[in-house]
Amino acid sequence: MSTGGEGLFEIEAQPAGSGPRQAPPAGEAKRFRVYDQSQQFLLPPSLDDWLDPDDEARFISEIVDDVLDLTEVYASYEMLRGAPPYDPAMMLKVLLYAYSIGITSSRKIERACQRDIALRCLSGNQTPDYRSLARFRKRHLEALPGLFTQVLAVCGQAGMVTLGRVALDGTKLQANASKHKAMSYDRMDAKLSALQAEVQALLADAARADEAEGAAYGEDQRGDEIPEELKDRTQRIAKLKAAKADLEADAQAKAAQKARDKAVKARKPAAEQEQAAAEAAEQAAAEAAEQAAPEAKAQRNFTDPEARMMKTPHGFDYAYNAQAIVDETSQVIIATDLTAQATDIGQLIPMHQIMTDQLRQAGIQQDPTVFLADAGYCSNANLTAAAQWPSRVLIAAGRERAGETFTPAQDPLPETATARQTMAHQLRQPDGHGHYKRRKAIVEPPFGQMKTRQQAGQLRLRGRAAAKSEWILQALCHNLRKLRHSSALAAGRGALAPA
């Protein structure tokens with residue numbers, strides 16, 4: 001439709017029923033492109049034509065099709081009967097791409113498979129329902145470490161794992177558990193007594209109702225069903241008893257270890273007295289465990305009993321402590337683990353072993369030149385063990401303790417120096433300080449990138465084993481993103497080779 005008059009615009013005809021539009025600012029006559037939301041299109045014959053040549057979805061598809069060995073994934077389907085399942089390669093592509101862009105909910109992934117062009121391309125225009133997606137993820141949790149190792153091997157082939165400097169750190173991941181679904185130990189006994197009294201009263205009511213209905217309707221008529229409220233209370237009693245037993249076992253284990261360490265320290269065993277000292281320590285541990293009781297404020301969560309209360313960026317909440325070792329060159333994660341312990345001090349030695357095993361499985365025989373960790377990993381036991389590693393280990397010693405003095409950098413280290421004093425002196429040297437100041441820049445960015453882009457700060461799966469596998473999946477997606485943007489692949493896909 002064209003309108004005349006000075007200062008007015010010539011505007012294309014608009015579809016009927018689209019409503020009035022405001023005219024643009026006055027000026028010379030101009031024409032706009034036709035805009036019609038009801039316009040029908042001839043879609044490309046292939047969904048692949050919708051994606052840019054360097055789209056992330058294409059890269060993930062190539063990795064799954066041409067690089068990853070999915071033998072372990074396919075093996076679990078050999079004995080299946082019934083309707084054919086979705087192709088595991090397709091499901092893996094959808095899962096990897098969804099986690100890479102921060103969609104971790106199965107229901108949201110299902111909706112995205114309908115709306116997102118990249119996911120529609122990866123799924124071949126199929127829409128797996130959220131139950132199938134959740135079952136696939138749960139079914140192949142044990143295969144994720146192997147897939148992580150294969151991607152790590154490809155990163156090594158692309159020159160992204162140089163192992164000059166690596167850094168270890170931990171980050172808290174919020175568990176899939178509510179603070180309101182937990183109870184402290186001192187409330188459990190009272191709650192158990194109250195629930196058991198309610199159950200007895202309900203059982204008595206059910207018995208009276210059974211007798212009344214039997215008299216009214218005859219012996220062959222049903223009247224003995226357990227009330228729904230009784231079923232609910234019975235389940236709550238079972239959960240309370242399990243949580244109470246878990247707290248008691250935890251307290252006994254801690255008391256036993258404390259008594260064992262105290263007994264060994266008191267005996268100060270020589271080589272010939274080692275057996276006697278060990279027996280005395282075990283006896284003391286058994287006695288301490290028998291008398292141990294949980295602290296009144298100790299809690300267990302009924303939704304995820306393995307999660308623990310930890311300090312997170314959003315305050316105290318039920319969480320897990322995720323560990324990662326990162327290579328400096330491309331910020332590739334070379335080792336991962338997840339624990340329910342809030343502190344990092346017990347994770348240094350296990351993480352170093354996981355790293356060594358992971359590198360060897362990926363075909364990388366080299367060890368890191370410098371291994372960095374913050375003060376949360378500093379202890380005499382850790383420093384003593386680290387002194388035997390092939391890498392140069394630099395762990396922040398923290399502040400001076402009572403009766404302890406750190407030697408200035410320019411002074412020689414005394415022969416009586418402890419392991420902490422020795423480490424503090426190394427970190428004060430120019431080369432030690434130069435290495436350590438890179439720690440934060442190596443390991444912190446991957447955590448931030450994963451929590452921001454991949455929404456990795458919130459776990460979907462419950463239980464330590466499942467949560468650990470989900471953390472490995474997040475680390476795998478992180479490494480895939482780093483691999484996609486690596487300079488070794490800038491010239492093409494020639495660097496991609498089967499692991």
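The values are calculated or read from the model by the stated rules, or taken from the named source; none is laboratory data. Keep in mind that this is a model prediction, so the values were computed, not measured. We place every Cβ from the backbone using ideal geometry, glycine too, and count neighbours over all the protein chains shown.
Restricting the search to the stretch 90-118, which residues are touching a residue at least 60 places away in the same chain (Cβ under 8 Å) and farther than 20 Å from Glu470 by Cα?
Ile117, Ala118
Right, Thr356: among the polar types (S, T, N, Q), surrounded by fewer than 20 Cβ atoms within 10 Å (Cβ to Cβ), out of contact with any helix residue (DSSP H, G or I) (no Cβ under 9 Å at 6 or more places or on another chain) and not in a loop (DSSP other than H, G, I, E, B) or not?
Yes; evaluated as a whole, the condition is true for this residue.
Hey, could you check the stretch 173-187 for residues that are outside any helix (DSSP H, G or I), in contact with a Phe, Trp or Tyr (Cβ under 9 Å, 6 or more places away or on another chain) and farther than 24 Å from Thr452 by Cα and say which is modelled with the highest pLDDT?
Ala182
When you check Gln366 against the structure, is it under 16 Å from Ala335 (Cβ atoms), in contact (Cβ under 8 Å) with a residue 12 or more places away in the chain and not aromatic (Phe, Trp, Tyr), yes or no?
Yes.
Looking only at the stretch 388-412, count how many residues are loosely packed, with under 13 Cβ neighbours inside 10 Å and out of contact with any Phe, Trp or Tyr (no Cβ under 8 Å at 6 or more places or on another chain).
The number of residues fulfilling the criteria is 12.
Please work out if Asp304 is of a type in the set (D, E, K, R), in contact with a Gly (Cβ under 7 Å, 6 or more places away or on another chain) and modelled with pLDDT under 90.
yes
Across the stretch 322-345, what is the total count of residues that are free of Cβ contacts under 8 Å to residues at least 60 places away in the same chain and of a type in the set (Ser, Thr, Tyr)?
Total satisfying the criteria: 1.
The conditions are (1) free of Cβ contacts under 8 Å to residues at least 12 places away in the same chain; (2) under 23 Å from the mean Cα position of the chain (by Cα), and Asp87 fails exactly one of them. Which is it?
Single failed check for Asp87: (2).
Please give the helices (runs of 4 or more DSSP H) falling wholly within the stretch 377-489 in which 3 or more residues are in contact with a helix residue (DSSP H, G or I) (Cβ under 7 Å, 6 or more places away or on another chain) and without any contact (Cβ under 8 Å) to a residue 60 or more places away in the chain.
Fully inside the stretch 377-489 and qualifying: 380-386, 419-428.
Which residues, taken from the stretch 390-415, are modelled with pLDDT of 85 or more and farther than 25 Å from Arg439 by Cα?
Matches in the stretch 390-415: Asp411, Pro412, Pro414, Glu415.
Can you pull out every residue in the stretch 22-36 that is of a type outside the set (A, V, I, L, M), surrounded by fewer than 10 Cβ atoms within 10 Å (Cβ to Cβ) and modelled with pLDDT under 70?
The answer is Gln22, Pro25, Gly27, Glu28, Lys30.
Collect the residues in the stretch 129-155 that are buried (at least 20 other Cβ atoms within 10 Å of the Cβ) and not in a helix (DSSP H, G or I), keeping them in residue-number order.
Once the filter is applied, which keeps residues that are buried (at least 20 other Cβ atoms within 10 Å of the Cβ) and not in a helix (DSSP H, G or I), the stretch 129-155 yields only His140.
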